[in-house]
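A.B. asks: Would you mind keeping the following structure in view while I ask a few things?
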DNA sequence: CGAACGATTGACGAAACTCAAGTAGTGTGG
DNA sequence: CCACACTACTTGAGTTTCGTCAATCGTTCG
């Protein structure tokens with residue numbers, strides 16, 4: 001049995017501290033997964049696009065929250081028979097491996113890269129995750145959300161995007177869309 | 001069929017770019033998992049203690065390397081029958097969920113915490129991962145390795161540990177062991 | 001129109017990095 | 001046992017990058 005739900009931009013899909021249960025998977029749209037510290041600092045730990053699971057917690061408490069970036073359909077997969085169904089099991093392991101690899105790239109980015117490198121990596125990640133055509137990036141995120149993904153402040157994000165625009169590396173072509181310019185982004189992964 | 005191998009301190013367990021295959025699991029000792037950038041910057045993405053798998057790649061290329069922190073025994077688990085064996089499958093999913101949760105905490109630490117908070121979190125993580133008794137920490141890592149885990153420089157790590165010693169928060173009680181002092185570490189998770 | 005929200009830009013400050021020098025430890029060979 | 005080499009660690013001075021605070025601008029929507 002699976003349940004399909006729709007969330008609008010900014011809507012919370014589940015809260016930090018809520019219980020697991022059925023596994024939510026993105027059908028269409030996009031979501032961010034984030035952790036909140038007690039003092040309000042926020043870190044976005046992952047981006048999820050179509051086909052991505054948001055978590056894998058059957059029965060524990062969730063240590064992070066999820067929120068829709070745009071109109072997003074979520075299907076909830078029952079995990080009851082997971083381990084006796086080889087196909088489902090293989091799917092889960094494959095999905096988890098991809099999330100794990102992405103988190104490890106994220107750790108490397110945050111631990112060892114400069115602000116510019118982080119943003120270049122971030123744009124690549126968004127394009128990959130949301131399936132944008134090469135050279136174009138649909139970015140349905142505020143500067144604050146970009147900052148919370150890259151571990152920067154919104155001012156730093158804004159400054160670097162502005163600089164890249166001036167230098168012809170990035171062009172705004174719509175409210176949420178950008179095109180890569182003639183000059184390459186510095187040191188993109 | 002499983003193979004048991006032993007590695008000494010500093011020995012490479014596998015290299016970045018090598019092939020997956022059987023899944024390596026720590027039996028005793030401890031290992032670090034890290035990524036290298038082309039220009040030599042290094043980020044340690046995970047710590048593995050007894051019971052932890054190092055990766056879950058049956059047949060892809062590994063995007064990270066692993067190295068023993070001390071004398072360490074590794075058993076390699078064959079994944080051939082993984083998906084048809086419900087028990088093994090459940091074990092894998094459980095293990096991957098724990099690694100994933102840890103990476104997400106690591107991302108939050110690197111993206112949104114100060115140097116002091118990172119080191120406090122790091123010490124907790126080491127204690128948990130290597131199973132140290134409460135209040136004591138066995139730290140078989142150089143300052144450079146600590147820096148590569150926390151996204152800092154070795155000088156910053158050294159300065160903060162020195163300060164904590166002066167302030168009675170941390171005491172060195174052996175070549176690789178420390179005790180928490182009377183004063184708590186600032187803002188440990 | 002005007003309120004609300006997001007984005008941009010500037011001036012300034014602080015946390016952490018870089019470079020450099022010097023100090024333990026640890027192991028080795030005489 | 002001592003001299004040495006080697007590595008890890010500590011500490012200081014100066015610099016850089018990025019964060020903070022604040023003002024302004026642009027858009028959207030009621």
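The values are calculated or read from the model by the stated rules, or taken from the named source; none is laboratory data. Everything numeric in this text was worked out from a predicted model, so none of it was measured. All Cβ positions, glycine included, derive from the backbone under ideal geometry; neighbour counts span all protein chains shown.
A.B. asks: What pairs come out if I take residues in the range A:3-16 that are more than 14 Å from chain B (Cβ to nearest Cβ) and pair them with residues that are away from DNA strand C (no atom under 16 Å from the Cβ) and part of a loop (DSSP other than H, G, I, E, B) whose C-beta lies under 6 Å away, six or more apart or interchain?
C.D. replies: Between residues of the range A:3-16 that are more than 14 Å from chain B (Cβ to nearest Cβ) and residues that are away from DNA strand C (no atom under 16 Å from the Cβ) and part of a loop (DSSP other than H, G, I, E, B), the close pairs are A:8/A:71.
A.B. asks: All but one of (1) within 20 Å of residue A:56 (Cα to Cα); (2) surrounded by fewer than 19 Cβ atoms within 10 Å (Cβ to Cβ) hold for residue B:9, so report the exception by its number.
C.D. replies: (1)
A.B. asks: Report, by residue number, each residue of the range A:66-86 that is closer than 20 Å to residue A:125 by Cα and within 14 Å of another protein chain (Cβ to nearest Cβ).
C.D. replies: Result: A:66, single match.
A.B. asks: Any chance you could count how many residues in the range A:22-45 are away from chain B (no Cβ under 14 Å) and outside any strand (DSSP E or B)? Quick ask: steps written out before the conclusion?
C.D. replies: To start, the set of residues in the range A:22-45 that are away from chain B (no Cβ under 14 Å) comprises A:22, A:24-31.
Then drop every residue that is not outside any strand (DSSP E or B), which leaves A:22, A:29-30.
Qualifying residue count, the range A:22-45: 3.
A.B. asks: For the range A:121-169, which residues satisfy the criterion of being more than 21 Å from the chain's Cα centre (by Cα), more than 8 Å from DNA strand C (Cβ to nearest atom) and surrounded by 14 or more Cβ atoms within 10 Å (Cβ to Cβ)?
C.D. replies: A:164, A:169
A.B. asks: Now, a different point. Going by the structure shown, is residue A:109 surrounded by fewer than 21 Cβ atoms within 10 Å (Cβ to Cβ) and either within 14 Å of chain B (Cβ to nearest Cβ) or at positive phi (or both)?
C.D. replies: Against the criterion (surrounded by fewer than 21 Cβ atoms within 10 Å (Cβ to Cβ) and either within 14 Å of chain B (Cβ to nearest Cβ) or at positive phi (or both)), residue A:109 does not qualify.
A.B. asks: Another one. Which condition number in (1) surrounded by 20 or more Cβ atoms within 10 Å (Cβ to Cβ); (2) in contact with a strand residue (DSSP E or B) (Cβ under 8 Å, 6 or more places away or on another chain) is the one that residue A:76 fails?
C.D. replies: (1)
A.B. asks: May I pose another question? Using the structure shown, decide if residue A:115 is in contact (Cβ under 8 Å) with a residue 40 or more places away in the chain and more than 8 Å from chain B (Cβ to nearest Cβ).
C.D. replies: yes
A.B. asks: Quick check on my filter: what residues within the range B:41-80 are within 17 Å of residue B:17 (Cβ to Cβ), at pLDDT 95 or above and out of contact with any helix residue (DSSP H, G or I) (no Cβ under 8 Å at 6 or more places or on another chain)?
C.D. replies: Result: B:54, B:55, B:61, B:62, B:65, B:66, B:67.
A.B. asks: Being in contact with a strand residue (DSSP E or B) (Cβ under 6 Å, 6 or more places away or on another chain) and either within 10 Å of chain A (Cβ to nearest Cβ) or farther than 30 Å from residue A:88 by Cβ (or both) is true for just one of B:127, B:147. Which residue is that?
C.D. replies: B:127
A.B. asks: Here is a follow-up. Can you list the strands (runs of 3 or more DSSP E) found entirely within the range B:91-188 that contain at least 3 residues being within 16 Å of DNA strand D (Cβ to nearest atom)?
C.D. replies: Numbers: elements: B:136-138, B:170-172, B:177-180.
By residue number, B:170-172, B:177-180.
A.B. asks: List pairs: first residue in the range A:153-176 and under 25 Å from residue A:110 (Cβ atoms), second residue within 14 Å of DNA strand D (Cβ to nearest atom) and assigned to a loop (DSSP other than H, G, I, E, B) anywhere in the structure, Cβ distance under 7 angstrom, at least six positions apart or on different chains.
C.D. replies: A:176/A:140
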